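Contents: one structure, followed by commentary.
Only the coordinates and a few stated rules stand behind these numbers; no lab work does. Worth saying up front: this structure is predicted, and the values here are computed from it rather than measured. A quick note on method: Cβ atoms are made from the backbone with ideal geometry, for glycine too, and the neighbour counts reach across all protein chains shown.
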Ligand SMILES: [Zn+2]
């Protein structure tokens with residue numbers, strides 16, 4: 001299977017779906033990460049913090065745009081190696097995006113045509129003016145690009161149409177697992193990442209410039225993936241909403257549902273301690 005991710009910033013690929021990607025990499029799937037912006041403005045912690053110090057490191061304080069961008073790319077390249085992401089496509093737009101742009105839609109459509117992914121992972125789009133602006137614009141760009149790529153015609157464009165089979169939208173901050181709750185808005189797919197969480201932590205540790213390494217990586221994973229794991233009945237999970245409905249020949253019951261014992265699963269999933277298993281180096 002070919003898996004593509006489309007995110008606004010370099011670190012999003014790891015924080016949102018790094019565990020899922022590691023599992024697919026281990027299964028032999030090809031993974032392409034598309035990053036729309038250079039991410040220089042998002043969490044520039046190390047540079048902003050250094051500038052406040054009296055004995056500041058002059059190389060950090062004087063770092064220019066090119067150095068900041070190249071450093072962040074290096075962080076993602078190292079993280080990608082740990083996770084098993086084979087290809088990174090950096091589009092290098094400025095982070096300051098608040099509307100969907102035709103040129104970016106074209107670029108993403110071209111990448112869909114080039115890599116022909118079976119599935120794509122992106123952020124769940126929320127109100128762009130209230131929260132998550134760049135993340136939502138990235139997903140709206142992707143959805144427009146999906147339509148554009150599906151309309152490619154060899155006679156007109158020199159390339160054939162691409163119909164991506166499914167899109168998984170992550171990052172919906174809704175903690176409920178049944179269809180009658182929260183007006184039906186819920187994550188309808190949970191991936192158990194417990195077996196690969198060490199790689200997700202190591203990959204997050206790479207993003208030192210934005211303060212994502214060390215204690216933060218462990219806190220985010222135990223708090224967020226831990227809470228979704230509680231819903232999933234496992235230690236740690238990544239949540240998704242399926243963009244399209246699925247067609248099957250029979251009603252599905254998952255292996256997890258077959259194996260789950262509601263009376264004892266609270267014991268098994270609560271034994272995993274992220275900080276004890278993966279202490280800060
Ligand atoms: Zn982001």
Computed E for residue 147/residue 54 - FRET, C-beta separation, R0 41 angstrom, nearest 0.05: 0.15
Gaussian network model of the chain, Cα within-10 Å springs - most flexible of 54, 160, 102: 54
Contact order relative to length of the stretch 146-281, as percent, for alpha carbon pairs under 8 angstrom and 6 or more apart: 25
Dimensions in Å of the stretch 2-277 - Rg and Dmax from alpha carbons: 19.6, 67
Relative contact order of the stretch 92-178, defined on C-alpha pairs under 8 angstrom at six or more residues apart (%): 36
Whole-angstrom Cα spans of the stretch 122-281 along principal axes, big to small: 58, 47, 31
Among 134, 27, 11, residue whose mean-square fluctuation peaks in a GNM of the chain (springs only between Cα atoms under 10 Å): 27
Selected from 240, 212, 183 as most flexible by GNM, with the chain as the system and alpha-carbon contacts under 10 Å: 183
Residue exposure sequence - 251, 172 - by fewest surrounding Cβ within 10 Å: 251, 172
Linear extension gain, residue 62 paired with residue 176, 0.36 nm per residue minus alpha-carbon span: 36.4 nm
Contour excess over end-to-end distance, with Cα ends at residue 129 and residue 250 and 0.36 nm allotted per residue: 39.4 nm
Relative contact order of the chain, pairs being alpha-carbon contacts under 8 Å that are 6 or more residues apart, as %: 21
For the chain, share of DSSP beta bridges that run antiparallel, in % to the nearest 5: 25
Computed E for residue 280/residue 161 - FRET, C-beta separation, R0 51 angstrom, nearest 0.05: 0.60
